[in-house]
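Here is the structure we will look at.
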Amino acid sequence: MSDELIWRIAGGSGDGIDSTSQNFAKALMRSGLDVFTHRHYPSRIRGGHTYVEIRAADREVQSRGDGYNFLLSLGDSFARNPQEEAYYGNEEIKPLSENLDDLREGGIIVYDEGLVSEEDVEAIDLEARAEENDWHVFPMDLRGLAREHGREVMRNTAGVGVTAALLDMDLEHIEDLMSDAMGGDVLEANLEILHEAYETTREEYEFEHELRAPEGSHETEQALLSGSNAIAYGAIDAGCRFIAGYPMTPWTDVFTILAQNFPDMGGVSEQVEDEIAAAALALGASHAGAKAMSGSSGGGFALMSEPLGLAEMTETPLVLVESMRAGPSTGMPTKPEQGDLEFVLYTSQGDSSRVVFAPSSIEEAYEQTRLAFEIAWDYQLPAIVIYDQKLSGENKNVDVEFFDREPEPDLGATLTEDELAEAAHDASGKFKRFNYEDAENNVAPRSLPGQKGGRYLATGNEHSPVGHISEDPDNRVAQMTRRIEKLDSIRAELDEEHDSNQTYFGDETADYGIITWGSSHGAVNEAVERLNENGHSVKGVSVSDMMPFPEAEMTEFLESVDEAMVVEMNATAQFRGLIQKELGRYGEKMTSLLKYNGNPFEPAEIVEGYEVNVADEDRQPTAQVRIEPAAGD
Amino acid sequence: MSAFNAIGEEREIDRDEFTPGVEPQPTWCPGCGDFGVLKSLKQALPEVGKTPEEVLTVTGIGCSGKLNSYLDTYGFHTIHGRSLPVARAAKLANTDLEVIAAGGDGDGYGIGGNHFIHTARENHDMTYIVFNNEIFGLTKGQTSPTSPKGHKSKTQPSGSAKTPLRPLSLSLNAGASYIARTAAVNPNQAKEIIAEAIEHDGFAHVDFLTQCPTWNKDARQYVPYIDVQESDDYDFDVTDRREAAEMMYETEDVLNEGTVLTGRYYVDEDRPSYQEEKAAVGELPEQPLAERYFDEDAEWERSYDLLERHT
């Protein structure tokens with residue numbers, strides 16, 4: 001038995017890698033293991049090198065590991081230009097050749113000899129490299145096996161069968177999942193292929209490898225979900241029943257999940273002409289009384305700047321989600337990055353009054369989406385959930401009972417008609433919607449169109465209490481101050497009435513801190529654990545409250561350490577900049593470890609970053625990361 | 001019973017209810033065509049039985065955007081070009097509301113052109129009034145999408161080299177199911193057309209010629225005007241797309257030669273509105289979504305019940 005399995009299935013886009021891995025991850029989860037998946041894919045319709053990694057262990061896993069230990073290399077059935085000198089290189093061999101660098105010593109390789117030619121395998125020196133790294137190589141004619149019992153596309157099933165044999169796994173869970181997903185002849189053929197592959201492997205090979213599937217058990221039922229699932233489910237449980245959007249990777253996942261579920265829930269989903277319209281629709285629906293949301297990735301979110309500002313000025317509750325991918329401009333559409341932080345915090349003209357949460361895990365994605373709705377409707381402003389391609393697509397097992405809670409469709413600071421009758425009106429009977437006198441927590445409750453006694457004008461111009469356009473200086477100061485001070489009220493509420501959205505880990509007494517935010521949390525957490533096991537003393541914090549900034553918590557953390565390293569996936573240390581801006585100091589304490597090559601951090605890269613920073617200042621990291629020195633260094 | 005008591009209330013409605021009891025008084029220039037739109041709405045709304053608080057008037061930016069400052073309904077003065085997406089979503093969220101959107105020719109045919117095309121295409125059940133004065137008024141007289149070719153302004157000093165946009169033809173091709181043109185100088189027709197547009201089930205587009213005495217003073221007063229339904233010189237069937245298209249094309253052509261044609265151009269009563277289409281495929285709830293939040297008996301679905309697919 002091994003400590004952990006990190007299984008990588010590689011092939012071409014369009015080859016069913018994603019669905020095969022999803023089912024295999026579920027099978028591992030059902031066998032009692034904790035699982036975490038990482039998806040790597042190109043921005044291409046068919047072909048191109050793609051893989052999914054599943055990390056499984058008998059303990060909580062919340063990050064990809066360092067490298068991996070099992071490669072199932074399927075062919076790329078859409079491979080183009082099988083010549084070395086072609087722009088894309090020889091694609092047929094890529095599901096094998098592109099994955100070798102990360103494979104750990106003693107690892108297993110299964111490849112489809114039905115799709116890859118012997119010459120190609122020789123050309124990449126597989127034999128020599130296998131010997132050097134003690135890899136165990138199993139060439140199998142997966143395509144032939146699939147053809148014999150069914151159709152060629154079923155070779156993924158053959159690969160799973162070989163995997164199960166080599167890892168000494170029971171086929172029961174895999175069979176169950178197949179039976180859930182298909183039926184009839186297709187199921188029969190797949191089951192046949194699964195068993196045939198399993199038996200053939202056991203008959204043909206003597207196993208010299210040590211790797212086996214770990215064993216574990218769960219005390220409660222588990223569900224396998226992605227960050228996008230969690231955001232969508234948080235919205236559903238917050239009573240959101242209106243979504244408008246325009247497709248863009250990776251945001252499309254959340255949009256799709258809600259669009260598919262809303263018809264059965266009395267909700268309304270609208271795919272519209274562009275992202276300006278998408279955010280404007282969410283705003284219009286919210287104005288009329290629905291709990292509404294929209295979202296996009298960076299490029300589409302840029303178009304939302306206008307309606308976002310309008311939501312702030314008209315104090316219309318709104319939730320937007322922003323799923324970051326590598327920029328600038330079209331950037332790398334399917335690769336994660338944390339480069340939109342400053343953009344999301346400040347885009348739109350004038351002084352902003354918005355809330356921004358950056359969840360760092362599947363559970364937080366659910367919690368903070370719910371919280372975003374609660375805050376947005378209580379305080380009448382836009383709340384944004386910022387996440388990235390990594391969190392969007394990664395899957396992790398979560399305790400089913402985590403979701404067993406009451407929905408919260410409450411409209412927050414919205415008046416009923418009875419309450420409206422008692423509220424302040426001007427001489428003409430217009431409701432003082434933006435009444436700055438007696439505004440509790442700086443919030444002036446609103447009415448909804450169609451309610452008696454509630455009519456007012458919402459406007460993007462500065463306005464008087466009933467909404468008339470006004471440039472009166474006293475009114476301007478009162479309204480502007482009230483709008484921005486809502487953030488102080490929210491900060492106070494978050495500090496006093498909620499559990500902290502920040503996650504702390506590592507050695508509390510340490511005088512070295514690692515700070516991160518969003519989806520880099522998992523890898524940082526594991527790196528901190530490892531550093532402490534290796535005799536260092538390090539503490540960590542993962543921050544989710546981007547705005548309003550958790551000033552007290554971060555001051556306390558930074559005061560408690562002599563030095564800190566801020567880990568984030570962008571090239572200009574945006575979050576470190578935010579800390580300095582918000583706290584006005586600590587620049588000389590904070591070094592940055594930055595990664596922006598399109599791949600998320602692995603724990604070992606953070607461990608190395610620490611070692612270079614702390615112990616070995618002359619050395620440069622071997623990983624593709626950049627160290628940005630502290631202010632003054 | 002509705003959670004929105006102003007909706008569907010049956011009572012006598014006085015047109016003065018739509019005039020704000022205190023300031024602001026309109027700040028439009030004397031002689032501005034925008035007064036004509038305001039007046040026709042104040043007349044039409046009581047006539048079709050709408051009370052101020054069951055109407056949401058959504059405007060864009062420009063002189064026209066001030067409409068809901070002077071029309072006492074629920075109002076949303078949005079941003080330049082974006083009245084339509086805000087308005088149509090309000091209608092989707094509360095299908096019982098009477099939703100009227102309004103803006104200028106720059107707002108609707110220029111910066112908001114994409115929204116115009118798609119809102120017409122989808123045939124949302126709402127009224128859209130475009131104050132067409134063939135110029136940018138609030139920013140002081142620049143050439144607009146409907147300004148005639150050769151129009152000279154500070155931003156087109158040699159005269160515009162662009163052919164003006166054809167609002168009626170565009171609307172027809174995009175999919176609007178009620179299309180009319182009226183003029184501020186023709187108040188009776190304007191009131192009737194606005195009333196018809198409000199009552200129409202689908203996207204009703206009214207291109208409203210609003211003379212700008214300040215920035216377009218030489219060019220346009222839109223008199224004399226001809227009502228194509230009343231004139232013996234024109235004979236076409238408003239329910240026939242082909243005939244409507246020809247009439248629109250001619251109307252757009254002759255405007256620049258000084259002949260002002262107005263009236264109904266296309267009326268399709270058979271095409272279901274977007275709201276009806278969406279309900280038919282099961283994507284719009286029967287009870288208006290906004291009502292559900294006030295319904296104490298409503299059972300809210302939760303994600304916990306969706307987890308089976310993940311286990």
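The values are calculated or read from the model by the stated rules, or taken from the named source; none is laboratory data. Not measured: the values here are computed from a predicted model. Cβ: placed from backbone, ideal geometry, glycine included. Neighbour counts: every protein chain shown.
Of all residues in the range B:155-182, which are within 23 Å of B:P224 (Cα to Cα) and within 14 Å of the chain's Cα centre (by Cα)?
B:P167, B:L168, B:I179, B:A180, B:R181, B:T182
Evaluate the following for A:A413: is it more than 42 Å from the chain's Cα centre (by Cα) and farther than 24 Å from B:I61 by Cβ?
no
Going through the range B:97-154 one residue at a time, which ones are crowded, with 24+ Cβ neighbours inside 10 Å, more than 14 Å from the chain's Cα centre (by Cα) and closer than 24 Å to B:Y74 by Cα?
If the condition is that a residue be crowded, with 24+ Cβ neighbours inside 10 Å, more than 14 Å from the chain's Cα centre (by Cα) and closer than 24 Å to B:Y74 by Cα, then B:L97 is the only one that fits.
Filter the range B:143-187 for residues that are part of a strand (DSSP E or B) and either at pLDDT below 95 or under 19 Å from B:I226 (Cα atoms) (or both) and give the result.
If the condition is that a residue be part of a strand (DSSP E or B) and either at pLDDT below 95 or under 19 Å from B:I226 (Cα atoms) (or both), then B:S153, B:Q156, B:I179, B:A180, B:R181, B:T182, B:A183 are the ones that fit.
Out of curiosity, is B:E246 part of a helix (DSSP H, G or I), away from chain A (no Cβ under 14 Å) and surrounded by fewer than 20 Cβ atoms within 10 Å (Cβ to Cβ)?
Judged against the criteria, B:E246 is a match.
Hand me the list of helices (runs of 4 or more DSSP H) wholly inside the range A:92-159 holding 2 or more residues that are small (G, A, S).
Filter on the range A:92-159 gives A:126-133, A:142-149.
Could you check, for the range B:282-289, whether at least one of its residues is touching a residue at least 12 places away in the same chain (Cβ under 8 Å) and assigned to a helix (DSSP H, G or I)?
Yes: one or more hits.
Write out, first by first residue and then by second, each pair whose Cβ atoms fall under 7 Å of each other, whose residues are 6+ apart or on separate chains, and whose first residue, in the range A:265-291, is at the interface with chain B (Cβ under 7 Å from one of its Cβ atoms) and outside any helix (DSSP H, G or I) while the second is basic (K, R) and buried (at least 24 other Cβ atoms within 10 Å of the Cβ).
A:G266/A:R241; A:V268/A:R241; A:A290/A:R241
All but one of (1) more than 30 Å from A:I108 (Cα to Cα); (2) small (G, A, S); (3) away from chain B (no Cβ under 12 Å) hold for A:S179; which doesn't?
(1)
Kindly indicate which of A:T330, A:T334, A:T347 is among the hydroxyl-bearing types (S, T, Y), at pLDDT below 95 and within 25 Å of the chain's Cα centre (by Cα).
A:T334
Residue check: is B:T311 farther than 30 Å from B:I135 by Cβ, in contact with a strand residue (DSSP E or B) (Cβ under 7 Å, 6 or more places away or on another chain), within 14 Å of chain A (Cβ to nearest Cβ) and β-branched (V, I, T)?
Considered against the rule, which asks whether it is farther than 30 Å from B:I135 by Cβ, in contact with a strand residue (DSSP E or B) (Cβ under 7 Å, 6 or more places away or on another chain), within 14 Å of chain A (Cβ to nearest Cβ) and β-branched (V, I, T), B:T311 comes out as yes.
Quick check on this structure: which one of B:V37, B:V48, B:V55 is of a type outside the set (S, T, N, Q) and over 23 Å from B:A183 (Cβ atoms)?
B:V55
Quick check on this structure: which one of A:S353, A:S297, A:S348, A:S305 is out of contact with any His (no Cβ under 6 Å at 6 or more places or on another chain), polar (S, T, N, Q) and over 25 Å from A:I484 (Cβ atoms)?
Checking each option against the conditions leaves just A:S297.
State whether the residues of the range A:531-543 include one that is in contact with a helix residue (DSSP H, G or I) (Cβ under 8 Å, 6 or more places away or on another chain), closer than 21 Å to A:E337 by Cβ and of a type in the set (D, E, K, R).
The answer is no; no qualifying residue exists.
Considering the range B:275-293 alone, what residues qualify as being of a type outside the set (S, T, N, Q) and more than 7 Å from chain A (Cβ to nearest Cβ)?
If the condition is that a residue be of a type outside the set (S, T, N, Q) and more than 7 Å from chain A (Cβ to nearest Cβ), then B:E276, B:E277, B:K278, B:A279, B:A280, B:V281, B:E286, B:P288, B:E291 are the ones that fit.
Of all residues in the range B:1-60, how many are among the β-branched types (V, I, T) and in contact with a strand residue (DSSP E or B) (Cβ under 7 Å, 6 or more places away or on another chain)?
Of the residues in the range B:1-60, 5 are among the β-branched types (V, I, T) and in contact with a strand residue (DSSP E or B) (Cβ under 7 Å, 6 or more places away or on another chain).
How many residues does the range B:14-50 hold that are closer than 29 Å to B:E291 by Cβ and either of a type in the set (D, E) or within 14 Å of chain A (Cβ to nearest Cβ) (or both)?
7
Go over the candidates A:S500, A:S489 one by one and state the one that is modelled with pLDDT of 95 or more and in a loop (DSSP other than H, G, I, E, B).
None of the others qualify; the one that does is A:S500.
Looking only at the range A:23-40, count every residue that is part of a strand (DSSP E or B) and more than 14 Å from every other protein chain (Cβ to nearest Cβ) and tell me the total.
The qualifying residues number 5.
Would it be correct to say that B:N123 is in contact with a Lys or Arg (Cβ under 9 Å, 6 or more places away or on another chain), farther than 22 Å from B:S177 by Cα and not aromatic (F, W, Y)?
Judged against the criteria, B:N123 is not a match.
Could you say which residue among A:I627, A:I606 is within 25 Å of the chain's Cα centre (by Cα), β-branched (V, I, T), farther than 30 Å from A:A492 by Cβ and not in a helix (DSSP H, G or I)?
Only one candidate passes the filter, namely A:I627.
Taking the criterion of being among the basic types (K, R), in contact (Cβ under 8 Å) with a residue 12 or more places away in the chain and farther than 30 Å from A:F434 by Cα, would at least one residue in the range B:130-144 satisfy it?
yes
Would you point out the residue of the range A:292-306, among those that are more than 8 Å from chain B (Cβ to nearest Cβ) and out of contact with any strand residue (DSSP E or B) (no Cβ under 9 Å at 6 or more places or on another chain), that is nearest to B:A120 (Cα to Cα)?
A:S305
Just one of the numbered conditions (1) surrounded by 13 or more Cβ atoms within 10 Å (Cβ to Cβ); (2) within 14 Å of chain A (Cβ to nearest Cβ); (3) part of a loop (DSSP other than H, G, I, E, B) is not true of B:P272; which one?
The one condition B:P272 does not meet is (2).
Just give me the residues in the range B:40-58 being under 19 Å from A:G454 (Cβ atoms) and under 13 Å from the mean Cα position of the chain (by Cα), in sequence order.
B:L56, B:T57, B:V58
If I ask for residues that are of a type outside the set (D, E, K, R), at the interface with chain B (Cβ under 7 Å from one of its Cβ atoms) and surrounded by fewer than 22 Cβ atoms within 10 Å (Cβ to Cβ), which ones from the range A:418-460 would you list?
Of everything in the range A:418-460, those that are of a type outside the set (D, E, K, R), at the interface with chain B (Cβ under 7 Å from one of its Cβ atoms) and surrounded by fewer than 22 Cβ atoms within 10 Å (Cβ to Cβ) turn out to be A:A427, A:S428, A:G429.
If we scan the range A:240-252, do we find a residue that is surrounded by fewer than 24 Cβ atoms within 10 Å (Cβ to Cβ), away from chain B (no Cβ under 12 Å), out of contact with any Gly (no Cβ under 6 Å at 6 or more places or on another chain) and without any contact (Cβ under 8 Å) to a residue 12 or more places away in the chain?
Scanning the range A:240-252, I find at least one residue that is surrounded by fewer than 24 Cβ atoms within 10 Å (Cβ to Cβ), away from chain B (no Cβ under 12 Å), out of contact with any Gly (no Cβ under 6 Å at 6 or more places or on another chain) and without any contact (Cβ under 8 Å) to a residue 12 or more places away in the chain, so the answer is yes.
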